[in-house]
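Heads up: the structure comes next, in structure tokens.
The values are calculated or read from the model by the stated rules, or taken from the named source; none is laboratory data. Please read all numbers here as calculations on a predicted model, not as lab measurements. We place every Cβ from the backbone using ideal geometry, glycine too, and count neighbours over all the protein chains shown.
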Amino acid sequence: MKFNKKAIGYSLAGIIFIVYALVFHSPFKKEAPYVHNEGKAQGTYYSATYQQPDGKDLQPEIDKFFKEFDLSLSTYNPESVISRINKNDASVSTDSCFEAMFYEALKVSEKTGGAFDITVAPLVEAWGFGASIADTTHLPDINKILPLVGYKKVKIVNHKLIKENPDIKVDASAIAQGLSADLIARLLESYGCKNYMIDIGGEIFCKGVNPKGKNWQIGVDKPVDDPENTNGELQTIINVSNVGLTTSGNYRKFYYKGGKKYAHTIDPHTGYPVQHNLLSATVVAPTAMQADAYATAFMVMGVDKAMALCKTFNDMDCYLVYTDNDGKYQVTYTKGFEKYINK
């Protein structure tokens with residue numbers, strides 16, 4: 001029997017093609033596993049869950065990012081850009097992280113009528129909630145500090161922060177973690193990740209689906225006074241994807257003096273910690289930085305003003321927990337938030 005060499009060649013080529021198709025294009029190809037990282041950053045804890053196409057563990061890259069980010073916006077690092085600006089170091093220039101934070105902060109300040117204000121730093125320190133240790137045995141002299149507060153008193157010119165008064169200080173703690181979540185999202189996407197969730201001290205950005213192939217499920221804490229974060233009781237669970245998410249509240253950072261509670265959310269207009277019935281504000285927005293800033297602003301504004309402002313946005317929603325006149329927990333949320341609630 002004679003074999004046709006040409007036919008054999010074609011057969012072998014066909015077999016190779018089929019093998020190639022099965023290995024590289026088969027619908028039964030095993031998907032890459034999800035990777036989970038966690039650690040300490042920015043004075044809190046972070047976690048990242050993601051699916052990298054090659055199964056690569058990106059924790060070294062994530063930790064490297066945090067070190068670089070802290071050199072820009074950490075008030076706990078004396079060598080950071082923001083710390084050197086607060087010390088009036090004339091040699092320091094604003095970097096890309098600082099400027100991204102600054103210009104978003106100005107937008108939120110304008111939209112909220114100054115309820116959000118990064119120049120609130122002297123007040124935050126005076127009330128004992130800043131990076132430096134403050135004397136909380138006596139109430140601060142607000143009249144002396146208020147002249148140092150006001151987002152219109154600072155501007156960036158040629159990568160330098162210009163202050164009306166050298167004693168003005170800036171505090172990015174109510175926006176920086178949200179920004180870092182957004183930037184880590186970019187980092188993950190640069191490595192091909194399409195499904196991921198980043199949580200930095202409660203500032204979250206997520207995209208795609210979780211390991212079960214569903215939207216990411218995020219628990220919203222019940223706003224019970226719990227400085228040690230040991231309660232664990234949830235107010236609700238929401239399903240989200242392709243959004244930033246933040247919950248702000250006065251149930252973690254606070255202290256009592258003379259039988260009165262002083263919480264870390266400071267009203268830039270009065271100079272005092274806020275005193276109203278809004279317990280927590282959860283915001284869903286296109287970026288974690290936006291959600292972070294508005295959640296803080298809403299805690300300053302209170303239920304009615306926060307809800308009215310949020311309704312003016314087409315791409316942002318909120319979920320507010322408050323107490324009624326009888327001291328009972330109540331919730332209110334924008335119509336657009338309904339689609340996120342786990343039913």
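Kindly provide the set of residues from segment 312-343 that are out of contact with any Ser or Thr (no Cβ under 6 Å at 6 or more places or on another chain) and charged (D, E, K, R), ordered by number.
Kept after step one, since they are out of contact with any Ser or Thr (no Cβ under 6 Å at 6 or more places or on another chain), are these residues of segment 312-343: 312-316, 322-343.
Of everything in segment 312-343, those that are out of contact with any Ser or Thr (no Cβ under 6 Å at 6 or more places or on another chain) and charged (D, E, K, R) turn out to be Asp315, Asp324, Asp326, Lys328, Lys335, Glu338, Lys339, Lys343.
Restricting attention to segment 120-130, which residues are of a type outside the set (D, E, K, R), farther than 18 Å from Ser72 by Cβ and either within 18 Å of the chain's Cα centre (by Cα) or in a helix (DSSP H, G or I) (or both)?
Residues satisfying the conditions are Val120, Pro122, Leu123, Val124, Ala126.
Could you please find all residues in segment 306-333 being in contact with a helix residue (DSSP H, G or I) (Cβ under 8 Å, 6 or more places away or on another chain) and outside any loop (DSSP other than H, G, I, E, B)?
Correct list: Ala306, Leu309, Cys310, Asp317, Cys318, Tyr319, Leu320, Tyr322, Thr332.
Out of the residues in segment 306-343 that are β-branched (Val, Ile, Thr) and surrounded by fewer than 19 Cβ atoms within 10 Å (Cβ to Cβ), which is farthest from the chain's Cα centre (by Cα)?
Restricting attention to segment 306-343, the residues satisfying the condition of being β-branched (Val, Ile, Thr) are 312, 321, 323, 331-332, 334, 341.
Right, trim to surrounded by fewer than 19 Cβ atoms within 10 Å (Cβ to Cβ) and you get 312, 323, 331-332, 334, 341.
On the way: Thr312: 22, Thr323: 25, Val331: 22, Thr332: 22, Thr334: 20, Ile341: 20 Å.
Ranking the candidates gives Thr323 first.
How many of the residues making up segment 150-163 are within 18 Å of His269 (Cα to Cα) and touching a helix residue (DSSP H, G or I) at 6+ places or on another chain (Cβ under 7 Å)?
4
Considering only residues that are crowded, with 16+ Cβ neighbours inside 10 Å, at pLDDT below 95 and either aromatic (Phe, Trp, Tyr) or touching a Leu at 6+ places or on another chain (Cβ under 8 Å) (or both), which ones fall in segment 69-97?
Asn77
Take the residues in segment 54-68 that are assigned to a helix (DSSP H, G or I) and touching a Leu at 6+ places or on another chain (Cβ under 8 Å), then tell me which one is surrounded by the fewest Cβ atoms within 10 Å (Cβ to Cβ).
Quick first cut of segment 54-68, residues assigned to a helix (DSSP H, G or I) only: 59-68.
Okay, now just the ones that are also touching a Leu at 6+ places or on another chain (Cβ under 8 Å), so 61-62, 65.
Values: Glu61: 15, Ile62: 20, Phe65: 17.
Taking the candidates together, the pick is Glu61.
Regarding Thr230, is this residue hydroxyl-bearing (Ser, Thr, Tyr) and modelled with pLDDT of 90 or more?
Taking the combined requirement at face value, the residue does not satisfy it.
Restricted to segment 276-305, and to residues that are in a loop (DSSP other than H, G, I, E, B) and touching a helix residue (DSSP H, G or I) at 6+ places or on another chain (Cβ under 9 Å), which residue is surrounded by the fewest Cβ atoms within 10 Å (Cβ to Cβ)?
Asn277
Would you pick out the residues in segment 210-227 that are in a loop (DSSP other than H, G, I, E, B), in contact with a Ser or Thr (Cβ under 7 Å, 6 or more places away or on another chain) and at pLDDT 90 or above? Don't jump to the end; show me each part of the working.
Here is the first cut: in segment 210-227, the residues in a loop (DSSP other than H, G, I, E, B) are 210-215, 222-227.
In the following step, the residues that additionally are in contact with a Ser or Thr (Cβ under 7 Å, 6 or more places away or on another chain) were identified as 215, 223.
Hit for segment 210-227 is Asn215, nothing else.
Among the residues of segment 255-274, is any closer than 17 Å to Thr332 by Cα, at pLDDT 90 or above and not in a helix (DSSP H, G or I)?
no
Which one of Ala100, Ala105 is surrounded by fewer than 20 Cβ atoms within 10 Å (Cβ to Cβ), in contact (Cβ under 8 Å) with a residue 60 or more places away in the chain and either among the acidic types (Asp, Glu) or not in a loop (DSSP other than H, G, I, E, B) (or both)? Outline the logic, then answer.
Working: Ala105 fails: surrounded by fewer than 20 Cβ atoms within 10 Å (Cβ to Cβ).
So the residue among Ala100, Ala105 that is surrounded by fewer than 20 Cβ atoms within 10 Å (Cβ to Cβ), in contact (Cβ under 8 Å) with a residue 60 or more places away in the chain and either among the acidic types (Asp, Glu) or not in a loop (DSSP other than H, G, I, E, B) (or both) is Ala100.
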